[in-house]
Amino acid sequence: MDINEINILLNIRNGNFAELKKLIVSMNLIPSLPKNQFDLLTERILKQLEKGSDYDQIKQIIENELIVTYGLYRQEFNSEKITDDIFDWWEKN
């Protein structure tokens, strides 16, 4: 793989990261949180999507991150809807 191919792959990944982050931020999960605070969640989800993780694995990551890292209660978000939206976005890419 030459440098041009590597750059193309990096550009695609960076674009996917930016689009996924925009999607997550648009869900307004924690309105007062700065946008860059969703970088960790975005990265974890994107890595799993790239690995081919299934719906339940992604849903579990979302639930764990929003509860443990961001301090939300399970009733404050709809993990199924979030996961559905993320998979819809991923399938279109």
Show the residue pairs that are 6+ apart or on different chains and have beta-carbon atoms under 9 Å apart, the first residue being within the stretch 61-73 and hydroxyl-bearing (Ser, Thr, Tyr), the second being in a loop (DSSP other than H, G, I, E, B).
-> Tyr70/Leu29; Tyr70/Ile30; Tyr70/Leu33
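Is it the case that the stretch 60-74 has a residue that's charged (D, E, K, R) and loosely packed, with under 15 Cβ neighbours inside 10 Å?
Quick first cut of the stretch 60-74, residues charged (D, E, K, R) only: 63, 65, 74.
Still in the running and loosely packed, with under 15 Cβ neighbours inside 10 Å: 74.
Yes, the conditions are met somewhere in the stretch 60-74.
So which of Ser53, Ser26, Ser32 is among the polar types (S, T, N, Q), more than 19 Å from Asn93 (Cβ to Cβ) and out of contact with any strand residue (DSSP E or B) (no Cβ under 6 Å at 6 or more places or on another chain)? Before the answer, list the steps.
Working: Ser53 fails: more than 19 Å from Asn93 (Cβ to Cβ); Ser26 fails: more than 19 Å from Asn93 (Cβ to Cβ).
After applying the criteria, what remains is Ser32.
Residues being of a type in the set (Ser, Thr, Tyr) and either modelled with pLDDT under 95 or part of a helix (DSSP H, G or I) (or both): count how many of those fall in the stretch 46-69. Steps first, answer last, please.
Residues of the stretch 46-69 that are of a type in the set (Ser, Thr, Tyr), as a first pass: 53, 55, 69.
Then keep just the ones that are either modelled with pLDDT under 95 or part of a helix (DSSP H, G or I) (or both); that gives 55, 69.
Within the stretch 46-69, residues that are of a type in the set (Ser, Thr, Tyr) and either modelled with pLDDT under 95 or part of a helix (DSSP H, G or I) (or both) number 2.
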Residues being closer than 25 Å to Leu10 by Cα and among the hydrophobic types (A, V, I, L, M, F, W, C): count how many of those fall in the stretch 37-92.
-> 13
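The values are calculated or read from the model by the stated rules, or taken from the named source; none is laboratory data. Remember, it's a predicted structure, so these values are computed and weren't measured experimentally. Note: ideal-geometry Cβ built from the backbone for every residue, glycine included; neighbour counts use all protein chains shown.
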